[in-house]
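Undergrad: Dropping a structure here in structure tokens format, bear with me for questions.
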Amino acid sequence: MRSAASEIAVYPGDGTGPEVVREGEKVLAALGENGRAAWHVTDYPGGGQYYLKTGREWEPEGEAAADRADAILLGAVGWPGASLPDGNIAGAALVLGMRRKLDLYANVRPCRLHPGVVHRISGEYRQIWSPEKVDMVIVRENTEDLYAPLHGRLARGGDTEVAVDTRLITRKGAERVIRRAFEIATRRSRGAPEDGRHRLTCVDKSNVMEGCRFFRETYDRVAADYPTIGRDYAYVDAFTQWLVRNPEHFDVVVSTNMMGDIITDLASVLQGGMGFAAGGNIGDHHAMFEPVHGSAPKYAGKNQVNPFATFFAVEMMLRYLGEKRSDGGLASQADRLERAIRSVLAAGTARTYDQGGTTTTSEAGDRVVAALRSERR
Ligand code: IPM
Ligand code: MN
């Protein structure tokens, strides 16, 4: 008997979010042609622009759907001038709120350079790293650290005014994300490009910070359960130069929330830019997938931005659903999508502006759809 379709809740959000999500949904629809859709997709409004219109970040119905969904796809949130009375960005409920509320403790961000993708450096489009040297997964803790809602301001307006952000690292929070990263390392088939070895690099600043010493101790404790995965350590400052100089050394990387936020944007340059960077926010019971690039207000409405990050987010989502539901059909749909994406990138027929080309967002979606349809089945 066939199990019920997976429920996918989609939040297009702000700016270019709806434009890339539309292409993601188009690709999902093409994958599901000929009765193969094992999913059901519903869109929900929300974000900063929605807040400016309605005074609400999202609707109770959308919030409840996130709790119920088998997987969530988010475009992006954030819009100039859209902020909450407490100063936070309007729409944060959909990203930071969802991460905390659904306990999506691991932010899994693959960083892989695909053949056909170029690097944009100082306005030039060139290949700087070769595709076989960039293939890692960065796992960012996603619920605590400096993102814990422990912020405050004292003596507002006075000469003695201070702002405080409290960095929270808990045993449970560190342990579960590190364990998740070891599990990912265990399941990777290839290992690091440099030597094919499986390793998990712990990125921290444990030479200075107590929270990082605790994180690294936790890493060592959990590592004892994974003897086949090489232990590897880097202070975050040194890591940034190694990342750029020797990306081939890295297989799986784990770090705390704020450092993970920064290093994944840096790493995106290796994979061709933010237009290719996708992330999965994954907990024990829920998961939300997103392109990492944000709402890019200045490109909104221009049908210009790169939708490939969203295609990769959709691929990750299908893989997640396949595992969660032990459904090989979903896993093979993810494989089909990966093949279609890679064939379009390798052919160089969908270069958006960030790749030095003129392909539009919707044309890039059309190319992937065409690749799916022309595939031998
Ligand atoms: C990210 C983003 C978010 C973060 C913002 C939009 C709050 O930069 O997903 O990396 O800081 O986590
Ligand atoms: Mn970020």
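The values are calculated or read from the model by the stated rules, or taken from the named source; none is laboratory data. All figures in this text were calculated on a predicted structure; none of them were measured in a lab. Quick reminder, even Gly has a Cβ in these numbers, built from the backbone with ideal geometry, and neighbours come from all protein chains shown. What goes into the accessible areas is simple: the full protein's heavy atoms, side chains included, and nothing from ligands, DNA or RNA. Shrake-Rupley method; radii C 1.70, N 1.55, O 1.52, S 1.80 Å.
Undergrad: Can you give the accessible area of MET316, probe radius 1.4 Å, in Å² rounded to 10?
TA: 40 Å²
Undergrad: Could you tell me the center-to-center distance, by alpha carbons, between the range 144-177 and the range 294-373 in angstrom?
TA: Cα centres, the range 144-177 to the range 294-373: 37 Å.
Undergrad: With every protein chain in place, what's the accessible area of TYR50 (1.4 Å probe, Å², nearest 10)?
TA: Roll a 1.4 Å probe over it and TYR50 shows about 40 Å².
Undergrad: Note down the magnitude of the dipole of the chain about its Cα centre, charges +1 on Lys and Arg C-beta and -1 on Asp and Glu C-beta and zero elsewhere, to the nearest 20 debye.
TA: Details: 48 positive and 50 negative charges, 157 e Å.
Roughly 760 debye for the chain.
Undergrad: Now a separate question. Normalised by the number of residues in the range 52-201, what is the relative contact order in percent for Cα pairs under 8 Å and 6+ residues apart? Intermediate values should be presented prior to the final figure.
TA: Working: 155 pairs, mean separation 24.0, N = 150.
Averaging sequence separation for qualifying contacts and normalising by length gives 16 percent for the range 52-201.
Undergrad: Contact order normalised by length for the chain, with contacts defined as Cα pairs under 8 Å and 6 or more residues apart; what percent is it?
TA: On the way: 795 pairs, mean separation 81.7, N = 377.
Dividing the mean separation by the residue count of the chain yields 22 percent.
Undergrad: Given the range 232-377, report the % of alpha carbon pairs whose separation exceeds 17 Å. Don't skip to the answer; put the middle values down first.
TA: Values: 7101 of 10585 pairs.
Percent of Cα pairs beyond 17 Å in the range 232-377: 67.
Undergrad: Which translational diffusion coefficient, to the nearest whole µm²/s, is obtained for the range 99-140 from the Stokes-Einstein equation, given a Kirkwood hydrodynamic radius over C-alpha pairs, 4 °C and 1.567 mPa s? Display every interim value, and only then the final one.
TA: Numbers: Rh = 12.4 Å.
Rounded, D is 104 µm²/s.
Undergrad: Taking 7 Å along the Cα-to-C-beta vector as the label spot, tell me the LYS302-ASP86 distance in nanometres, rounded to one decimal.
TA: 3.4 nm
Undergrad: Further question on the same structure: Between GLU375 and ARG325, what's the calculated FRET efficiency when r is the beta-carbon distance and R0 is 22 Å? Round to 0.05. It would help to have the intermediate numbers written out before the result.
TA: On the way: r = 23 Å, r/R0 = 1.07.
It comes to 0.40.
Undergrad: Follow-up. On alpha carbon coordinates alone, what is the Rg over Rh value for the range 128-242, Rh being the Kirkwood radius? Walk me through the intermediate numbers first.
TA: Values: Rg = 17.5 Å, Rh = 16.2 Å.
We get a ratio of 1.09 for the range 128-242.
Undergrad: Calculate the spin-label point distance for SER362 paired with SER189, positioning each point 7 Å from the Cα along the beta-carbon direction, and give it in nanometres.
TA: 3.7 nm
Undergrad: So which GluC sites (Glu not before Pro) in the range 292-377 pass both tests, a DSSP loop state and at most 13 other Cβ atoms within 10 Å of the Cβ? Don't skip to the end; give the middle numbers.
TA: Details: sites: GLU315, GLU323, GLU338, GLU363, GLU375; in loops: GLU375.
When the GluC sites (Glu not before Pro) of the range 292-377 are filtered for loop state and at most 13 Cβ neighbours within 10 Å, GLU375 remain.
Undergrad: If you don't mind, another one. Could you pull the accessible area for VAL162 with a 1.4 Å probe, rounded to 10 Å²?
TA: 60 Å²
Undergrad: For the range 191-223 and the range 25-75, what is the separation of their C-alpha centers, rounded to whole Å?
TA: Here the two parts' Cα centres lie 36 Å apart.
Undergrad: Right, here's the next one. Output wanted: per-residue J couplings in Hz (rounded whole) for the range 252-258, from phi through Karplus 6.51 cos²θ - 1.76 cosθ + 1.60, θ = phi - 60°, x for Gly and Pro.
TA: Rounded to whole hertz, the list is 10, 10, 10, 8, 6, 4, 5.
Undergrad: Quick check of the Kirkwood formula: for the chain, what is the inverse mean of 1/r over all pairs of different Cα atoms, in Å?
TA: Values: mean 1/r = 0.0469 Å⁻¹.
One over the average 1/r among Cα pairs gives 21.3 Å for the chain.
Undergrad: A follow-up question, please. Considering amide H positions built from the backbone, and no H for Pro or chain starts, which residues 5 or more places from GLN127, or on another chain, come under 5 Å of its amide H?
TA: HIS119
Undergrad: So how far apart, in nm, are the two label points at ILE121 and ALA347 if each is 7 Å from Cα heading toward Cβ?
TA: It works out to 3.0 nm between the two label points.
Undergrad: Another question about this same structure. Just need the Rg to Rh number for the range 59-215, please, alpha carbons only, Kirkwood Rh. Provide the component values of the computation, followed by the final result.
TA: On the way: Rg = 19.8 Å, Rh = 19.3 Å.
Computed over Cα atoms, the ratio is 1.03.
Undergrad: Given the peptides 187-196, 352-361, 165-174, 66-75, arrange them by the average over their residues of other C-beta atoms within 10 Å, most packed first.
TA: Values: 187-196: 14.0, 352-361: 18.5, 165-174: 16.6, 66-75: 21.2.
So the peptides 187-196, 352-361, 165-174, 66-75, ranked by packing, come out 66-75, 352-361, 165-174, 187-196.
Undergrad: Write out the GluC sites (Glu not before Pro) in the range 1-66 meeting two conditions: DSSP loop, and at most 15 other Cβ atoms within 10 Å of their Cβ.
TA: Working: sites: GLU7, GLU19, GLU23, GLU25, GLU33, GLU57, GLU61, GLU63; in loops: GLU33, GLU57.
Qualifying residues, ordered by number: GLU33.
Undergrad: Moving to a separate point now. Quote to one decimal, in nm, the extra length available between ARG231 and GLU61 on full extension: 0.36 nm per residue of separation minus the C-alpha distance between them. Please report the intermediate quantities before stating the final value.
TA: On the way: separation 170, 0.36 × 170 = 61.20 nm, distance 4.49 nm.
Between ARG231 and GLU61, full extension yields an extra 56.7 nm.
Undergrad: Which of the peptides 223-231, 240-248 is most tightly packed, and how do the rest follow, going by the mean number of other Cβ atoms within 10 Å of each residue? Walk me through the intermediate numbers first.
TA: Numbers: 223-231: 13.6, 240-248: 15.7.
The packing order, highest mean first, is 240-248, 223-231.
Undergrad: Using every pair of alpha-carbon atoms in the range 166-220, split the distances into 10 Å bins beginning at 0 and state the percent of pairs per bin, rounded to integers.
TA: Whole-percent P(r) values from 0 Å outward: 23, 45, 26, 7.
Undergrad: I would also like to ask the following. Show me, for the range 90-104, the HN-Hα J-couplings you get by feeding each phi into the Karplus relation (A = 6.51, B = -1.76, C = 1.60, θ = phi - 60°), rounded to Hz, glycine and proline as x.
TA: Residue by residue, the range 90-104 yields 6, x, 4, 4, 7, 10, 5, x, 5, 4, 6, 5, 8, 6, 8 Hz.
Undergrad: Taking 0.36 nm per intervening residue step and subtracting the Cα-Cα distance, what contour gain separates ALA224 from GLU132 on full extension?
TA: On the way: separation 92, 0.36 × 92 = 33.12 nm, distance 3.01 nm.
Result for the pair: 30.1 nm of gain on full extension.
Undergrad: Over the alpha-carbon set of the range 198-292, divide Rg by the Kirkwood Rh and report the Rg/Rh ratio to two decimals.
TA: On the way: Rg = 14.0 Å, Rh = 14.4 Å.
Expressed as Rg/Rh, it is 0.97.
Undergrad: Another question about this same structure. Could you pull out every residue, at least 5 positions away or on a different chain, whose amide H is within less than 5 Å of the one on VAL139? Hs are placed 1.01 Å off N in the peptide plane, and Pro or chain starts have none.
TA: Here ARG109, VAL253, VAL254, SER255 satisfy the definition.
Undergrad: Under the 0.36 nm per residue contour assumption, what length would be gained going from the current alpha-carbon distance of HIS285 and THR160 to full extension?
TA: Details: separation 125, 0.36 × 125 = 45.00 nm, distance 4.49 nm.
Extending this stretch completely gives an extra 40.5 nm.
Undergrad: Still on this model: With the dipole of the chain worked out from charges on the C-beta (+1 for Lys and Arg, -1 for Asp and Glu) around the Cα centre, which of ILE229, THR349, LEU168 lies farthest toward the positive end?
TA: Among ILE229, THR349, LEU168, the one farthest towards the positive end of the dipole of the chain is THR349.
Undergrad: Run the dipole for the range 204-343 about the Cα centre, Lys and Arg Cβ at +1, Asp and Glu Cβ at -1, nothing else charged, and hand back the magnitude in debye, nearest 20.
TA: Working: 14 positive and 18 negative charges, 92 e Å.
Around 440 debye, computed over the range 204-343.
Undergrad: Next question. Rank these residues by their accessible area, most exposed first, probe 1.4 Å: TYR125, TYR51. Write out the running numbers ahead of the final one.
TA: On the way: TYR125 95, TYR51 50 Å².
Reading off the accessible areas and sorting them downward yields TYR125, TYR51.
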